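As structure tokens, the structure follows; a few thoughts come after it.
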Amino acid sequence: MVVVVLPAYNASRTLADTYREIPLSVVDKVILVDDASNDRTVAVACELGIETHIHQRNQGYGGNQKTCYKKALELGGDIVIMLHPDYQYTPKLIPAMIDLIRSGEYDVVLGSRILGGRAVKGGMPRYKYYANRLLTMVQNIMMGQKLSEYHTGYRAFSRAVLERISWQDNSDDFVFDNQMLSQILYHDFRVAEVTCPTKYFREASSINFGRSLMYGAGCLRTALLYRLNKWNIIRSDLFKYYQS
């Protein structure tokens with residue numbers, strides 16, 4: 001079963017456009033988790049017929065994803081795709097992401113905004129682009145990897161990944177994504193990247209400069225924990241592993 005999860009917060013203006021581009025012919029279920037939005041996100045989701053779960057209080061971006069993955073696993077999802085409902089990432093890549101995991105060659109697929117060299121042309125602010133490149137370079141060095149970026153919000157996972165890494169213990173904030181990818185790499189799951197064109201506009205979600213700095217610091221801390229654990233200097237619960 002293929003499940004697409006939409007972690008939503010104030011996405012009423014972009015949700016319909018996102019949903020209508022999801023190739024439902026290859027997707028079995030779409031789930032939206034609303035993180036106490038103060039706009040019409042839930043109403044729009046209901047109008048579109050999307051299964052919706054509502055947080056009565058805001059639990060943060062990471063907290064939203066925790067509910068997404070929990071619900072997807074409960075449904076029996078074998079492949080789970082996390083797609084932002086802000087229409088920044090194109091849903092048209094979902095079939096390719098599914099095929100890469102079904103091939104048995106990969107456990108995780110990332111939609112990379114950096115591959116293809118069109119991120120800035122697609123509207124990514126230059127400060128975000130250069131910050132992304134710098135953080136990615138540092139993390140690749142610290143973690144011994146060669147990813148094009150660590151910060152995409154468009155990801156597909158096999159069920160085995162979600163059952164075995166300890167994403168439940170991750171931050172409820174934006175660094176959740178970075179922690180999760182570090183866990184995936186630490187346990188040697190196979191990761192593929194596909195070029196993903198993106199759109200940047202006023203309604204697309206973003207974080208302010210102050211929170212961006214906090215996110216960057218969290219990413220560097222995660223990379224350091226990864227390296228110290230690999231060297232057996234410390235043992236962090238971040239890298240716990242659940243045997244099947």
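The values are calculated or read from the model by the stated rules, or taken from the named source; none is laboratory data. Keep in mind the model is a prediction, meaning the values are calculated, not measured. We place every Cβ from the backbone using ideal geometry, glycine too, and count neighbours over all the protein chains shown.
If you filter the stretch 163-173 down to residues that are assigned to a helix (DSSP H, G or I) and surrounded by 19 or more Cβ atoms within 10 Å (Cβ to Cβ), you find that the one that is farthest from the chain's Cα centre (by Cα) is Arg164. Note on the stretch 167-197: residues that are of a type outside the set (A, V, I, L, M) and under 13 Å from His151 (Cα atoms) total 8. Name the single residue that is surrounded by the most Cβ atoms within 10 Å (Cβ to Cβ) among those in the stretch 5-47 being of a type in the set (D, E, K, R) and in a helix (DSSP H, G or I). By that ranking, first place goes to Asp17. For the condition of a type in the set (A, V, I, L, M) and either part of a helix (DSSP H, G or I) or within 15 Å of the chain's Cα centre (by Cα) (or both), Ala96 qualifies. Count of the stretch 107-134 residues, restricted to those that are modelled with pLDDT of 95 or more and of a type in the set (A, V, I, L, M, F, W, C), is 3.
Among the residues making up the stretch 174-199, a single one is charged (D, E, K, R), crowded, with 18+ Cβ neighbours inside 10 Å and closer than 19 Å to Tyr9 by Cβ: Asp177. Whether a residue is in a loop (DSSP other than H, G, I, E, B), closer than 22 Å to Asn229 by Cα and in contact with a helix residue (DSSP H, G or I) (Cβ under 9 Å, 6 or more places away or on another chain) was assessed, and Tyr150 passes this test. Please enumerate the residues belonging to the stretch 65-93 that are in contact with a helix residue (DSSP H, G or I) (Cβ under 7 Å, 6 or more places away or on another chain), closer than 20 Å to Met180 by Cα and not in a loop (DSSP other than H, G, I, E, B). Once the filter is applied, which keeps residues that are in contact with a helix residue (DSSP H, G or I) (Cβ under 7 Å, 6 or more places away or on another chain), closer than 20 Å to Met180 by Cα and not in a loop (DSSP other than H, G, I, E, B), the stretch 65-93 yields Gln65, Lys66, Tyr69, Leu73, Ile79, Val80, Ile81, Met82. In the stretch 105-128, the residues that are free of Cβ contacts under 8 Å to residues at least 60 places away in the same chain and under 18 Å from Leu93 (Cα atoms) form Cβ pairs under 9 Å with partners that are surrounded by fewer than 20 Cβ atoms within 10 Å (Cβ to Cβ) and small (Gly, Ala, Ser), at six or more places apart or across chains, as follows: Ile114/Ser148. Cβ-Cβ distances below 6 Å connect the following pairs, each with a first residue in the stretch 231-244 that is charged (D, E, K, R), a second residue that is outside any strand (DSSP E or B), and a separation of six or more residues or different chains: Asp237/Asp169; Lys240/Ser166. For the stretch 48-83, the set of residues classified as crowded, with 21+ Cβ neighbours inside 10 Å, of a type outside the set (Phe, Trp, Tyr) and within 23 Å of Glu193 (Cα to Cα) consists of Gln65, Cys68, Ala72, Gly77, Ile79, Val80, Ile81, Met82, Leu83, listed by residue number.
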